[in-house]
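Novice: Take this structure first; my questions come after.
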Amino acid sequence: MAIPARNPRTRTPSTAEAGAWAEVLVRHQLLHAAVLAPSGQWLTQDQPESEVRVLDGPAAMVELAAEIQHRTRTTRDRTR
């Protein structure tokens, strides 16, 4: 399920931006792993035993970060 952007992007996310988001998601244990493949795709894994998900480029990685952030905020708001 894609989350509609509140402020549509005016440019395509760079590999560096996607890498920064990937690093933050892994560091905060919101993803188990996120690796940039030589093809430009991102390989992600939610848990050590879960399937590897293939994301098609930086925009998909940034979109995943937005979805995780939205899910985290929504869950946190419900528990308050």
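Novice: Determine the pairs where a residue that is surrounded by 13 or more Cβ atoms within 10 Å (Cβ to Cβ), located within region 12-23, has a partner that is among the polar types (S, T, N, Q) with Cβ atoms under 8 Å apart, the partner being 6 or more residues away or on another chain.
Specialist: Matching pairs, first to second residue: Ala22/Thr44.
Novice: Out of the residues in region 33-76 that are farther than 17 Å from Pro13 by Cα and of a type in the set (Ser, Thr, Tyr), state the one that is least open to solvent (accessible area, probe 1.4 Å).
Specialist: Taking the candidates together, the pick is Thr44.
Novice: Given the criteria open to solvent by 30 Å² or more (accessible area, probe 1.4 Å), aliphatic (A, V, I, L, M), in a loop (DSSP other than H, G, I, E, B) and modelled with pLDDT of 95 or more, does Leu30 qualify?
Specialist: Considered against the rule, which asks whether it is open to solvent by 30 Å² or more (accessible area, probe 1.4 Å), aliphatic (A, V, I, L, M), in a loop (DSSP other than H, G, I, E, B) and modelled with pLDDT of 95 or more, Leu30 comes out as yes.
Novice: If you don't mind, there's one more thing I want to ask. What number of residues within region 36-80 are of a type outside the set (S, T, N, Q), farther than 20 Å from Ala20 by Cβ and at pLDDT below 95?
Specialist: The qualifying residues number 4.
The values are calculated or read from the model by the stated rules, or taken from the named source; none is laboratory data. Because the structure is predicted, anything quoted here is derived from the model rather than measured. Methodologically, a virtual Cβ is constructed for each residue, glycine included, from the backbone with ideal geometry; neighbour enumeration extends over all protein chains shown. The accessibility values were calculated without ligands, DNA or RNA, using every heavy atom of the protein model including side chains. Shrake-Rupley method; radii C 1.70, N 1.55, O 1.52, S 1.80 Å.
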